[in-house]
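Inspection log for the structure reproduced underneath, given as C-alpha cells.
What follows draws every value from the coordinates through simple rules; no lab data is involved. What you are looking at is a predicted structure, and each value in this text was computed from that prediction instead of being measured. Using ideal geometry, Cβ is built from the backbone for each residue, glycine included, and neighbour counts are taken over all protein chains shown.
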Ligand SMILES: [Zn+2]
Ligand SMILES: [Zn+2]
Ligand SMILES: [Zn+2]
C-alpha cells in the first residue's frame, strides 16, 4: 500500500459511512465476510479483499467507483483501488 494520495482521494470532502453493517452481496447468498468497505461513489457497503468473495474490489472494477472507506468501527481511512492510494481522515 502506498502512502500517497491521488485526485480521487483529494476529491472526497465528506466520507460516506455504512448504512448497514453487512455486505450487501454476501447477505443474498448467505456468505461470510471479514471486513466491510463503503463505496464513496454510491454508498454500497461490501466485503474486503480478505473476505472470500471480495465484493468491494469487484464492485470497484465493474463500476469504476475508485474509492472506499473502511466501515469498521474505529477505522478512519480511505483507499483508492486504481491508484493503490491510502489516506486517513
Ligand atoms: Zn485514485
Ligand atoms: Zn461480500
Ligand atoms: Zn459504488
Legend entry - Gaussian network model of the chain, springs between alpha carbon atoms under 10 Å - residue of 60, 31, 69 with greatest fluctuation: 31
Legend entry - Most fluctuating residue given options 39, 47, 26, as computed from a GNM of the chain linking Cα atoms under 10 Å: 26
Legend entry - Choice from 74, 43, 64 showing the highest fluctuation, given a GNM over the chain with Cα pairs closer than 10 Å: 74
Legend entry - Approximate spin-label separation residue 29-residue 13, in nm, with each point projected 7 Å along Cα-to-Cβ: 3.8
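What is the projected area of the convex hull of the Cα atoms of the chain, averaged over all directions, in nm²?
If I average the Cα hull's projected area over directions, I get 5.4 nm².
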